[in-house]
Amino acid sequence: MREIDFTVPAANRGFPIIRAGNEPAIAVFSASPMKWWPRLSLLLFSLQPLLGQGELVTTPREQKGDDALAAGLWEVAELHFKECLAASASAPPEVRARVAIHLAESLIRGGNPAEAADLLEQSWVSGNPAAPFWKAQALASQGHLAEASALLSKLLSDPAAPHRIEAAFTLSRVQLTLGQPQSALDTLGALLPEANPATRAKIRLEQVEILIDLDRATEARSLLSAVDSIAASGQPIAAFLTARLWLKEGRFTEARVGFQELINHPQGQSLERYHLAAIGLADAIMAEGNPEEASSSLIGFLDDHPASPFLDAIFQRLVQCVPSKPKTNDSTLEGIARWITIPTIPTSGLIATSSPANASATAAWPVTRISSDLTELRVYSLYTRARVIHRFGTKEANAESKQLLRRLLLENPDHALAPRALYQLARWALEEGSVEQAFSILAVLRDSTKLLDLKGEATFLEARATCLNGDPTKAVQLFNEAAIELTGANARTARLMSAIARLRGGDFSGTSLIQHRNAASDDGLEADIELERALATPTPNAARSLLEEFLRRFPSHPRVAEAKLAAVEAALNSPNPDLGFAKSELDSLLENGESPSAATAPRIALNRLKIADLSNDAQATATIAESIMTQYPSTPAEAEAALTSGRSLFQSGSYNAARLVLEKLAASNTHSANAQAAWLLAARAAALGGTPQSKEEALILFDKAIGSSGPVSSIAILEKAKHLINLYRLNDASTFLSKWMATLPETDPLQLPAGLLLGDALYAQGSSNPASLVEALAVYDKLLKQAVNQTALLNRLQYLRGLTLEQLPDELDPAKKRDKQALQAYHSVLEVTTRPTEWYYFELCGFRALTLLENTQRWREAVNVANQIASFKGPRAEEASTRASQLQLRHMIWED
C-alpha cells in the first residue's frame with residue numbers, strides 16, 4: 001500500500017498527499033516478484049479442445065463446428081453447433097446431447113458460460129458423462145468458485161469420470177484462487193498414484209511452483225530434486241523453476257545464468273514463461289547491485305518483444321532502476337522515450353481508403369480498434385515517463401509530464417492505466433493549487449474506478465480538494481470514507497486529516513487533537529496539526545501570530561516555505577498591512593537559491609504585486625502585472641493581475657471550365673437525352689470543383705439531370721446520393737435513397753447499388769447516431785438474399801456486415817462490441833472448398849478475422865486463420881503466410 005508522504009509541499013493550503021512511489025500502476029505479482037498463479041480462464045485455454053474420441057460426425061455442419069473448435073474459433077464453432085441443434089430435432093438423443101456438449105464447450109471457451117450452464121441443465125444433456133465436467137467449468141468461469149470446487153471434488157471421487165486429469169488441475173487452480181494453496185497441493189498429490197510418469201512429473205512441477213510462491217523454498221528444492229521422468233516438453237518448466245529457486249535462495253549468479261539460458265534457448269517454452277524468464281534475469285541482475293544493467297536488459301528485451309503480456313511488471317522494474325534524483329539523460333528514461341511515438345493523425349476527409357473504385361463510405365470510420373504491438377508499450381511508456389520526469393520539479397518537466405498523461409487519456413481512455421493517469425493529474429493539480437480542476441477529476445475517478453486502493457486514494461485527494469474548496473464538513477465525511485477504504489498507516493492518516501478538516505470548520509476543541517496526538521508516534525504530526533490550525537484561522541492577525549509561532553518552533557519543517565508565504569499573505573491582508581515584514585519574508589523565501597514551485601511562484605508574484613500596489617509604486621505595479629500576465633496566461637493569476645469543349649475539359653481535369661461549357665450546353669440543347677448527359681457531366685464537374693460553393697451547386701445540377709427525360713436518371717440519382725455522402729450530409733443521403741428505393745420493385749436490380757450506398761450512409765452516421773448502425777445491418781442482411789450464388793457480392797456484404805457488427809454494442813453486454821458475430825461473418829467467406837472467384841473482399845474478410853484474433857491475443861487461432869488464407873494461394877497469400885510465421889515466432893507457438 002502506498003504511504004503518506006509528509007515531505008512534499010502540497011497545494012496552497014498544504015495537505016499531505018498519498019504518493020504512488022515506485023509501485024506499478026497495476027501489480028501483476030501480488031505476493032512475490034515471480035508469482036505465477038494463472039487466472040482460472042487460462043487453464044481452460046491451455047487444454048486442447050476435448051472432442052470425444054471415435055465419435056461419428058453425422059453432418060457437414062457438425063464437421064465444420066468440430067473443425068472450428070479444434071482451430072480455437074469458438075464463435076464460429078458456436079454458430080455451427082447451434083445450427084446443428086436447430087436442424088436435428090429428430091436426431092437420436094445421444095447425437096443431440098453430443099452436439100450440445102460441444103456447443104457448451106464452445107460457449108465456455110468463447111466467454112459465455114451462463115448460456116452454457118443453462119444448456120447443460122437441460123434433461124436431455126445432463127445425462128451425458130461429460131456434462132458435470134463442463135458444468136464445473138461454466139460455474140468457475142462465472143466466478144462461482146465454491147460450487148465449482150464442490151462439483152469437481154465430487155467428480156474426482158468417481159474413478160470412471162471423464163477428463164479426471166483436467167478436472168484435478170482445474171480444481172487446484174480454483175483452490176489457489178480461493179486462497180487455499182495447501183488444498184491445491186493436496187488435490188494434485190491425490191492424483192499421483194493413478195498418474196502415468198509424464199503426468200506425475202507435470203503434477204510435481206506444479207506443486208514446486210506453488211511452494212515457491214508460498215516462500216517454502218526448502219520443500220520446493222527437495223521436491224524438485226526428486227522429480228524424474230520429465231518429458232522434453234517439461235524440461236523448460238523445470239529449468240525455469242530451478243532459476244526461480246536460486247533467486248529465492250539468494251544464489252543470484254546461478255539464477256542469472258539459469259534465466260539467461262532460458263532466454264538464449266526459447267524452443268519449447270511458453271510465451272509467458274519466456275517473458276517471466278526475462279523479468280527473472282533483471283531481478284537477478286538487480287539483486288547483484290547493477291540497476292543500469294538490469295534496465296538495459298529489460299529495454300533490450302522490450303525492443304524485441306514490445307507486446308509482452310507482463311508490461312506492468314517490467315515497467316515496475318524500470319522505475320526501480322531510475323535513481324530517486326535522475327539526470328535528464330538517464331539511460332532508462334531515454335530508453336522509455338524511444339517508445340513514445342509521434343501521434344498518428346488520421347487522413348482528413350470522409351473517405352480515405354485504398355479500396356477499388358467501388359469502395360464504400362465505411363472508410364468514414366476507422367476500422368474499429370485496430371491495435372499494434374507498440375500500442376500497449378506506448379501507453380506504459382507515457383505513464384512511466386510522466387511519473388519519473390515529474391520528479392525533476394521544473395516547469396518544463398511538469399508541463400511535459402501532464403501532456404504525456406493527457407495524451408494517454410485521449411488515445412487510450414479505456415486502458416487500465418487511464419484511472420491511474422487521472423489520479424496523478426489530480427494530485428499534481430492539487431499540488432499546484434488548481435483545486436477546482438483536481439476536484440472535477442477526482443469526482444470522475446471515484447465514480448468510475450473499480451480498484452479499491454485507487455478509490456481510497458482518490459477519495460483522500462477529493463477530501464483535500466473539498467476542504468481547500470471551503471467545505472470542511474464534506475471533507476470530514478470524505479476523509480472518513482477514505483479511512484475505511486484505505487488500510488494501515490494510510491487509514492490512520494485519513495483519520496488525522498479528518499481532525500484537521502474539523503479545525504478548518506471552526507472546531508477548535510482539543511478533544512480530537514489530543515486523541516490524534518496520543519495516537520501519533522512522531523513529532524511531525526504535531527507540527528502538521530499546528531500548521532493546519534494556523535492556516536485554518538480566519539483572522540489575518542491571529543493567523544500571522546500562529547504562523548510565526550510555528551516558524552519559531554519548527555524552523556526545519558519541510559513546509560516552512562508554505563508557512564512563510566501564508567504569513568506574508570496574512571500580513572498584507574491585515575487592517576494595517578506590514579509591508580516591511582512581507583517584503584522581508586518574500587526575500588527570505590528565495591535566499592536558498594531554489595526556484596519556487598509551480599504552485600508558489602504565481603503566489604509570490606501576486607504578493608509582490610500587492611506590495612507594490614500598497615506602496616503606491618505605479619511603475620513597479622505595472623511591470624510586475626505585465627510579467628504575471630506574460631508568465632501565467634489563462635490562469636487565475638493572470639485574471640487577478642488584470643482578456644479556402646466540355647467533356648474534354650472534364651477529362652483533363654479543368655472542372656470549372658468544363659462546368660461552364662456543359663451548363664451552357666444543357667440549358668440550350670433541345671435534345672433531352674443530350675441535355676441530361678450534359679447536366680450529369682456538369683454536376684460531376686461541379687462536385688469535383690475546388691470550392692464548397694461548387695460542391696453545393698453540384699446538387700442542383702444533379703437534380704436537373706434527374707428531372708430531365710433520358711436514360712441516365714438512375715445513374716444521376718445514385719451519383720447524387722454518393723455526392724451527399726462525400727459532403728457528409730449523411731442523413732440527407734439516407735433519406736433520399738430510402739424514398740427512392742421505396743418506389744422500386746423488390747426485385748429491381750437497382751435495389752442492390754442503392755442498398756449498398758444506403759448502407760454506407762447509415763454506417764457512416766454511427767458515430768453520432770448509433771441506431772443507424774442497426775439500420776445499416778438490416779440493409780446488408782436484406783441484400784444477402786440477392787447474394788445467393790453471387791460469391792463476389794456475398795464476400796462484400798459479409799465484409800460490410802462485419803465492419804458494422806464491430807461497431808455495434810453487444811446485446812448481452814453493451815460495454816462490449818459484437819466482435820463475436822463480426823468474426824463469424826468474416827470467417828464465413830473462408831469456409832469454402834473451391835478457389836474463390838473474387839479476391840479483394842475475400843481477403844479483406846480473412847485479414848479482418850485475423851486482426852480480431854490478434855486484438856484479443858488469440859495467437860494460435862490467428863496463426864490458423866493466417867495459414868487458412870494462405871492456403872487459397874490468392875494475391876495476398878504470401879503476406880498471410882509471412883504473418884503466420886511471424887506470429888509463430890513472436891508468440892512462441894511451437895508445432896505439436
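The values are calculated or read from the model by the stated rules, or taken from the named source; none is laboratory data. As the structure is a prediction and not an experimental result, all values here were calculated from the model. As a convention, Cβ positions derive from the backbone with ideal geometry for all residues, glycine included, and neighbour counts pool all protein chains shown. Note: areas computed on protein heavy atoms with side chains; ligands, DNA, RNA excluded. Shrake-Rupley method; radii C 1.70, N 1.55, O 1.52, S 1.80 Å.
Apart from one condition, residue 805 fits all of (1) within 25 Å of residue 741 (Cβ to Cβ); (2) over 22 Å from the mean Cα position of the chain (by Cα); the exception is (2). Note on the stretch 429-445: residues that are buried (at least 20 other Cβ atoms within 10 Å of the Cβ) and in contact with a helix residue (DSSP H, G or I) (Cβ under 7 Å, 6 or more places away or on another chain) amount to 8. For the stretch 280-293, filtering for residues that are buried (at least 24 other Cβ atoms within 10 Å of the Cβ) and among the hydrophobic types (A, V, I, L, M, F, W, C) leaves 4.
Among the residues of the stretch 216-252, which ones are under 16 Å from residue 280 (Cα atoms) and acidic (Asp, Glu)? Selection gives 249 alone. When 654, 645 are screened for being at pLDDT 75 or above and closer than 19 Å to residue 677 by Cβ, only 654 passes. Screening residue 660 with (1) open to solvent by 40 Å² or more (accessible area, probe 1.4 Å); (2) hydrophobic (A, V, I, L, M, F, W, C); (3) closer than 26 Å to residue 775 by Cα gives one miss only, at (3).
Taken together, 835, 818 contain a single residue that is farther than 17 Å from residue 71 by Cα, at pLDDT below 95 and out of contact with any helix residue (DSSP H, G or I) (no Cβ under 8 Å at 6 or more places or on another chain), which is 835. The residue that is farthest from residue 854 (Cα to Cα), counting only those in the stretch 60-73 that are assigned to a helix (DSSP H, G or I) and open to solvent by less than 10 Å² (accessible area, probe 1.4 Å), is 62.
Of the residues in the stretch 844-853, none is assigned to a helix (DSSP H, G or I), more than 26 Å from the chain's Cα centre (by Cα), on the phi < 0 side of the Ramachandran plot and buried (at least 24 other Cβ atoms within 10 Å of the Cβ). Restricting attention to the stretch 145-199, the residues being open to solvent by 20 Å² or more (accessible area, probe 1.4 Å), assigned to a loop (DSSP other than H, G, I, E, B) and under 22 Å from residue 234 (Cα atoms) number 2. Within the stretch 139-149, being under 29 Å from the mean Cα position of the chain (by Cα) and among the polar types (S, T, N, Q) holds for 141, 142. Only one entry of 521, 556 meets the criterion of being open to solvent by 60 Å² or more (accessible area, probe 1.4 Å), at pLDDT 80 or above, of a type in the set (S, T, N, Q) and farther than 18 Å from residue 461 by Cβ, and that entry is 556.
The numbered conditions (1) open to solvent by 10 Å² or more (accessible area, probe 1.4 Å); (2) modelled with pLDDT of 75 or more; (3) more than 28 Å from residue 600 (Cβ to Cβ) are all true for residue 418 except (1). Inspection of the stretch 126-144 finds a residue satisfying the criterion of being open to solvent by 30 Å² or more (accessible area, probe 1.4 Å), charged (D, E, K, R) and touching a Ser or Thr at 6+ places or on another chain (Cβ under 9 Å). Here residue 360 clears all of (1) modelled with pLDDT under 80; (2) under 24 Å from the mean Cα position of the chain (by Cα) except the condition numbered (2).
Could you tell me which of the residues 567, 598, 605 is open to solvent by less than 40 Å² (accessible area, probe 1.4 Å) and either at pLDDT 85 or above or not in a helix (DSSP H, G or I) (or both)? Answer to the selection: 567.
Screening the stretch 150-186 for residues that are hydrophobic (A, V, I, L, M, F, W, C) and closer than 19 Å to residue 197 by Cα and picking the one that is nearest to the chain's Cα centre (by Cα) gives 169. Kindly establish whether residue 300 is over 21 Å from the mean Cα position of the chain (by Cα) and either open to solvent by less than 10 Å² (accessible area, probe 1.4 Å) or over 27 Å from residue 390 (Cβ atoms) (or both). Criteria not met by residue 300.
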